Amino acid sequence: MSDTVSGPGAGAASATGTDPEAAGEFRERVRTWLAENLTGEFAALRGLGGPGREHEAFDERLAWERHLAAAGWTCVGWPVEHGGRGASLTEQVIFHEEYARADAPAKVSHLGQELLGPTLIAFGTPEQQRRFLPPIVSVDELWCQGYSEPGAGSDLAAVSTTAHRDGDEWVLHGQKVWTSLAHVADWCFVLARTEPGSHRHRGLSYLLVPMDQDGVEVRPIRQLTGTSEFNEVFFDGARTRADLVVGEPGEGWKVAMGTLGFERGVATLGQQVGFRRELRALTDLARRTGAADDPAVAERLARSWTGLEVMRAHALRTLGDTAPGVAEVSKLVWATWHRELGELAMLVRGAAGMVATDDLDEWQRLFLFSRADTIYGGSNEIQRNIIAERVLGLPREKR
Ligand SMILES: Cc1cc2nc3c(=O)[nH]c(=O)nc-3n(C[C@H](O)[C@H](O)[C@H](O)COP(=O)(O)OP(=O)(O)OC[C@H]3O[C@@H](n4cnc5c(N)ncnc54)[C@H](O)[C@@H]3O)c2cc1C
């Protein structure tokens, strides 16, 4: 089966703004550019980076991304006036698919490109857009996301980090946790309580805070995989300018939810190209080692393949669909599928998979890191709660 949007089920393509011929031309342009540019010093970066592997060739991947930027291949879906290409939904999917198919390295700037940038385009002032969008496009400034706290993860409205005004600045106190890439970020978008005594969703503000200052301390957290790509971030009198609040002060919840809505948009179809490659490699491994002779393993591999086809059909059918439940179903399905692939990889590896020498092999890393898939971006339980309440109309959870 084709794994492109111009393949079967691509009714989505016509519904999302590009006719098949133009889509084919766009695909050819992306493919050619990547083939001609993932060469020389960049050739060695193929397949590097990504969740659980952010430490791999970080500086080199940053250089690659600036190379992409110089040719106009970052932020492809942003409007032209904000430095993007104004690519249609179909073209964006094509870009992500071809990027994944070329095995191009994982992006180091995705939090700025996929989360903060679209948020500023939707909610930011013209001054904020002028100041912050160009360095995201050129990959000169990296961002991190300061939402979660020790007492506020799934229950994000429990945020207790505070910010108060001191003259023409905000002053922050509090702790964030699980802050991905904070150790390399120049800026953090922070959800903080700016109205003392306010409760839950009210009285929060969405602040843009520079990371390189005395009041910010970043402490790496060592993960199950042995690497550190997320961190604790402590604000102890950290400062940012009064005008660096996105949306109205006290109404940060709306902006914060807007950001979450951008998480994993069209990139999902590109992600599935990577999933397909992993499943293919695991199937080959099972064949080579004889693990596939075990009917239980063969059955699980077939089930995994089926799951991927269903996931793909769902993604194509719902491209651009913002109806309640669509994003939650997608997150639930891909995260659970990927976690199960990690478990299947351990089954295929057998007893040898339980032994790690100096470094983890790709299957051990997949097994361990895919445990996180069903947690970040909203855990499976939270996705089901949202579906129960907003789609099925079941009673709201008691707090
Ligand atoms: C790899 C990774 C990267 C991350 N990066 C970032 C980042 O850059 N910035 C950031 O702000 N955060 C980040 N996070 C944090 C992530 O958003 C939280 O881990 C997630 O929201 C869950 O919150 P928690 O860890 O506090 O767990 P809790 O909210 O304490 O949940 C613990 C368990 O209880 C379940 N649970 C909680 N509430 C309910 C409920 N109401 N009903 C049923 N079950 C429930 C959860 O599903 C989970 O299984 C990252 C997490 C991971 C794993």
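For E248 and R390, FRET efficiency with R0 = 22 Å and r from the beta-carbon atoms, rounded to 0.05?
0.30
Along its three principal axes, how long is region 264-391 when you only count alpha carbons? Whole Å, largest extent first please.
Per principal axis, max minus min of the Cα coordinates gives 45, 27, 24 Å.
Obtain the nm distance between the two label points defined at D284 and E309 by a simple spin-label model: each point lies 7 Å from its Cα along the Cα-to-C-beta direction.
Label at D284, label at E309, 2.2 nm between them.
Using Cα pairs under 8 angstrom and six or more residues apart, how large is the relative contact order of the chain, in percent?
It comes to 14 percent, rounded to a whole number.
Measure off, as a whole percent, the carbon and sulfur share of the 1.4 Å-probe accessible area of the chain, all protein chains present.
54
Given the whole protein assembly as supplied and a 1.4 Å probe, what does the accessible area of W187 come to in Å², nearest 10?
30
Give, rounded to the nearest 20 debye, the magnitude of the charge dipole that the chain has about its Cα centre when Lys and Arg contribute +1 at Cβ and Asp and Glu contribute -1 at Cβ.
Here the chain has a charge dipole of around 1020 debye.
Given the Cα-Cα distance of A352 and D155 and 0.36 nm per residue of separation, how much length would full extension add, in nm?
67.0 nm
Which log10 I(q)/I(0) values does the chain give at q = 0.08, 0.09, 0.10, 0.14 Å⁻¹ under the Debye formula, counting every alpha carbon as one identical point scatterer?
Listed by q, the Debye log ratios stand at -0.45, -0.57, -0.71, -1.41.
Mind pulling the angle between the C-alpha long axis of helix 89-101 and the longest principal axis of the chain? Nearest 10 degrees, somewhere in 0 to 90.
The answer is roughly 60 degrees.
So what is the relative contact order for region 180-251, in percent, with contacts set as C-alpha pairs under 8 Å and at least six apart?
Dividing the mean separation by the residue count of region 180-251 yields 37 percent.
Within 10 Å of each candidate Cβ there may be at most 14 other Cβ atoms; applying that plus a DSSP loop requirement, which trypsin sites (Lys or Arg not before Pro) in region 203-249 survive?
Sparse-neighbourhood loop trypsin sites (Lys or Arg not before Pro): R222.
Going by Cα centres, region 134-153 and region 238-279 are how many Å apart?
Measuring centre to centre over Cα atoms gives 9 Å.
Near A185, within a Cβ-to-Cβ distance under 11 Å, what is the net charge of the other residues, with Lys and Arg +1 and Asp and Glu -1?
Neighbourhood net charge equals -3.
Using 1/(1 + (r/R0)^6) with R0 = 45 angstrom and r between the beta carbons of R130 and R277, what's the FRET efficiency to the nearest 0.05?
It comes to 0.70.
Need the full-extension length gain, D293 to R200, defined as separation in residues times 0.36 nm minus the C-alpha distance. One decimal, nm.
So the chain would gain 28.0 nm between D293 and R200.
Estimate the FRET efficiency between D236 and V80 by the formula 1/(1 + (r/R0)^6), using the beta-carbon distance for r and 41 Å for R0, to the nearest 0.05.
0.50
Taking just the alpha carbons, could you work out the radius of gyration and Dmax for region 164-263, both in angstroms?
Considering region 164-263 through its Cα atoms, Rg and Dmax are 13.9, 45 Å.
Roughly what angle does helix 126-137 make with the longest principal axis of the chain, taking Cα atoms, 0 to 90 degrees, to the nearest 10?
In the chain, helix 126-137 runs at an angle near 30 degrees to the longest axis.
Cβ neighbours within 10 Å, averaged per peptide: list 95-105, 109-119, 43-53 in order, most packed at the top.
For the peptides 95-105, 109-119, 43-53, the packing ranking is 109-119, 95-105, 43-53.
For the chain, find the longest principal axis of its Cα atoms and tell me its angle to the long axis of helix 326-349, 0 to 90°, nearest 10.
50
The values are calculated or read from the model by the stated rules, or taken from the named source; none is laboratory data. Fair warning: this is a prediction, and the values are worked out from it, not measured in the lab. Ideal geometry is used to build each Cβ from the backbone, glycine not excepted, and the neighbour counts take in all protein chains shown. Accessible surface is based on the protein model in full, side chains and every heavy atom, while ligands, DNA and RNA are left aside. Shrake-Rupley method; radii C 1.70, N 1.55, O 1.52, S 1.80 Å.
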